[in-house]
Each structure stands twice: as C-alpha cells, then as structure tokens.
Amino acid sequence: MRGTLNSTAPYGELRVDLMEDKPIKVTDADFDQVIKDKPYVVVDFWAEWCTPCRAIAPIVEDLAKKYAGKVTFAKVNTDENPEVPQRYMVMGIPTLLFFKGGKLVDQVVGAMPRAPFEERVKKHLA
C-alpha cells in the first residue's frame with residue numbers, strides 16, 4: 001500500500017490508497033471476492049516445493065510493482081487451498097490465470113521468461 005499526505009485533510013492526516021504494489025495472498029475463502037472486486041487480476045497458483053514457482057516469484061513481484069493500480073497480482077498456495085485450483089482445473093504449477101471483469105480471459109501453464117509474461121499482462125490491459 002502507498003500512503004500520501006492529504007493536504008486537504010485536517011491536521012495533515014495520512015490518506016492510504018489501497019493500491020497493491022506486491023502480490024496479495026488469496027485463499028479458497030476469499031478468491032471469488034477478490035476476482036469480483038478487482039477489475040484485472042493475475043493469479044499465480046504455486047507451492048513451496050515447486051522450483052519453477054520460486055523461479056517466477058521475483059517476476060510476479062516486479063510486475064506487481066510496475067503495474068500497481070492497474071493489475072492486481074494474487075498468489076494461491078495450492079497445498080493450502082485445493083478448492084480453487086480444482087475448480088479451474090489447475091493440473092500443474094505454476095499456473096497463471098488472468099481474470100478481467102471477473103471472467104477468466106487467459107492462462108499460462110508453466111514458468112515463462114519475464115518478457116513474454118509481461119506481454120501477456122499488457123495484452124489484457126487494453
């Protein structure tokens with residue numbers, strides 16, 4: 001989250017903009033709400049033991065900063081949250097699902113380099 005000094009607020013109170021600049025942790029319980037509330041969400045399905053998942057984690061972190069306010073990046077640990085991966089037939093990880101307006105619009109299975117991943121993110125911004 002980013003905070004900005006609100007000069008119009010009395011006594012210079014801090015106004016916090018709820019703009020995620022890092023991936024948010026999402027569970028089976030709150031997944032549907034996040035997808036519904038955010039206009040554009042990229043969900044990274046991962047697990048601790050998954051080496052390719054750890055390889056793309058820094059890319060997801062960087063893109064979350066770069067596209068803060070435009071794209072919400074979310075992470076679902078598939079070991080702790082089995083329901084959502086089953087619903088979307090996630091058979092292997094990492095899997096990235098792209099949701100726009102609450103609807104699934106794209107998916108990537110497996111790790112991919114930063115440039116094609118970022119192109120995929122930008123494709124759905126338009």
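The values are calculated or read from the model by the stated rules, or taken from the named source; none is laboratory data. From a predicted model like this one, the values you see are computed outputs, not experimental measurements. Here the Cβ positions follow ideal geometry from the backbone for every residue, glycine too, while neighbour counts run over all protein chains shown. Note: areas computed on protein heavy atoms with side chains; ligands, DNA, RNA excluded. Shrake-Rupley method; radii C 1.70, N 1.55, O 1.52, S 1.80 Å.
A probe of 1.4 angstrom, applied to the heavy atoms of all protein chains, finds Arg120 with accessible area near 70 square angstrom.
Taken over the Cα atoms of the stretch 35-99, the convex hull encloses 79 Å³ per residue. Percent of C-alpha pairs per 5 Å bin in the stretch 9-126, short distances first: 2, 11, 23, 25, 19, 10, 4, 3, 2, 1, 0. With the gyration tensor restricted to C-alpha atoms of the stretch 75-126, the semi-axes of the equivalent ellipsoid amount to 21, 14, 8 Å, longest first.
Summing Lys and Arg as +1 and Asp and Glu as -1 over all other residues whose Cβ lies under 14 Å from the Cβ of Cys50 gives a net charge of -2.
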